Structure formats: C-alpha cells, structure tokens
Amino acid sequence: MIGGFAVLSVLAFIIGWAIIKKTDVFSVFIEGAKDGMNSAIGILPALCFLMTAVGMIRESGALEYITEILSPIIDKIGFPPEVLPLAVIRPFSGSGALGFYEELCRNLKTGSFEEMTASVLMGGSETTFYTVAVYYGAVGIKKGRNTVPAALSADIAAAILSAFFVNLLLR
C-alpha cells in the first residue's frame, strides 16, 4: 500500500515538475525508451552467450567434474564441497545460482554450516560475467583488461571468506 503510494507520488512529482518547466513529457519518455531499446539490443548477444554457456556447464556434467577435482583442496581450507558448484556458477548467472541455491537448501539441514555458507556466498558475491557483459555492452567497452581477473579474485575471496566467517561467527 505504502509502496504504491510512493511510486504514484514520485510519478506525480515528475509530471508536475515537467509541467512547471514546460517540458513535453511524452516525447522525452519516448526518446528515453528508444535509448533503452538500443542498449538492450546492444547487450543481447552477450546475454545469449552467457545463458547458453551456463546451460552447457550445468547439463554437461562439467560442474560436477570441477567439484570432484577441487574437493580435496577446498576441504583443506574449510570450504564445504557441497557449496562449490554454487561458487562456480555464481559468477556466470544469478538465476542459475539461485536455482542451485534453492536446490541446495532443500537438500541440506536448515542452519547447517553448508546452508549458512551458501547463504553468505549468495549475498557476498556477484554475477561477474553477467555484470561485465551488461555494463560493458551498454557503453561499448571492448577491452576490459583487468576487470574480469579482479572481479573473479573478489568472487574467490567471497567464497573462502563466506566459509571462514560462518565458521567464526555462526558456529
């Protein structure tokens, strides 16, 4: 109720301000919508690629293979192997990660170390490749140089620290 009133109030304020400034609201809206459509068209190929890549990773069994290979290493640093697929898919797809997270939560005990680590990881990491594709595609940047390695380093740190802080603060 309050949210709807707030949106209506902001809309009324914008229209009122435009009337005071003698601005043609409709033509400005149409121009903004055209710019938005052009941006959407510009980032569409990158988004199609990302969605296809995530689907291929999940369906091919590569996610399970990566988990199997890395399990001995991550077990030594205290990261739960059950959460590793989430850490791998999170930089690629927010919706794919959310689907995996929901599945993980259904199969784990509520309040378990693994579930809490997955929750902290979901909140503390970013969909790196999606974000880079959308924002770089929108402004036409072709070379990201250090963006992806730096962002992936942050994702790795988020994964490790999620387990560390859950262990430190919540266990």
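The values are calculated or read from the model by the stated rules, or taken from the named source; none is laboratory data. As the structure is a computational prediction, the values presented were derived from the model and not from experiment. Glycine gets a Cβ as well: all are built from the backbone with ideal geometry, and neighbour counts include every protein chain shown.
When you scan segment 22-35, do you find a residue that is of a type in the set (Asp, Glu) and part of a loop (DSSP other than H, G, I, E, B), even just one? Looking for residues that are of a type in the set (Asp, Glu) and part of a loop (DSSP other than H, G, I, E, B), one finds at least one in segment 22-35, hence yes. The single residue among Ser71, Ser95, Ser125, Ser112 that is buried (at least 19 other Cβ atoms within 10 Å of the Cβ), free of Cβ contacts under 8 Å to residues at least 40 places away in the same chain and small (Gly, Ala, Ser) turns out to be Ser125. Considering only segment 76-91, I want to know if a residue exists there that is of a type in the set (A, V, I, L, M, F, W, C), in contact (Cβ under 8 Å) with a residue 12 or more places away in the chain and closer than 18 Å to Ala46 by Cα. Yes, segment 76-91 contains at least one residue that is of a type in the set (A, V, I, L, M, F, W, C), in contact (Cβ under 8 Å) with a residue 12 or more places away in the chain and closer than 18 Å to Ala46 by Cα. Scanning segment 19-68 for residues that are farther than 19 Å from Tyr101 by Cα, touching a residue at least 24 places away in the same chain (Cβ under 8 Å) and of a type in the set (Gly, Ala, Ser) turns up Ser39, Gly42, Ala46.
Summed over segment 88-126, the residues that are at pLDDT below 90 and assigned to a helix (DSSP H, G or I) give a count of 10.
Quick check, is Ala18 modelled with pLDDT of 85 or more and surrounded by 10 or more Cβ atoms within 10 Å (Cβ to Cβ)?
Judged against the criteria, Ala18 is a match.
Taking the criterion of being surrounded by fewer than 10 Cβ atoms within 10 Å (Cβ to Cβ) and closer than 27 Å to Ala138 by Cβ, the residues of segment 21-33 that qualify are Phe26, Ser27. Residues that are crowded, with 18+ Cβ neighbours inside 10 Å, touching a residue at least 24 places away in the same chain (Cβ under 8 Å) and in contact with a Phe, Trp or Tyr (Cβ under 9 Å, 6 or more places away or on another chain): does segment 135-149 have at least one? Checked against the condition, which is being crowded, with 18+ Cβ neighbours inside 10 Å, touching a residue at least 24 places away in the same chain (Cβ under 8 Å) and in contact with a Phe, Trp or Tyr (Cβ under 9 Å, 6 or more places away or on another chain), segment 135-149 yields no hits at all. With respect to (1) surrounded by 15 or more Cβ atoms within 10 Å (Cβ to Cβ); (2) outside any helix (DSSP H, G or I); (3) not polar (S, T, N, Q), the lone exception for Tyr130 is condition (2).
Please verify whether segment 129-152 includes one or more residues that are modelled with pLDDT of 85 or more and at positive phi. No, because not a single residue in segment 129-152 is modelled with pLDDT of 85 or more and at positive phi.
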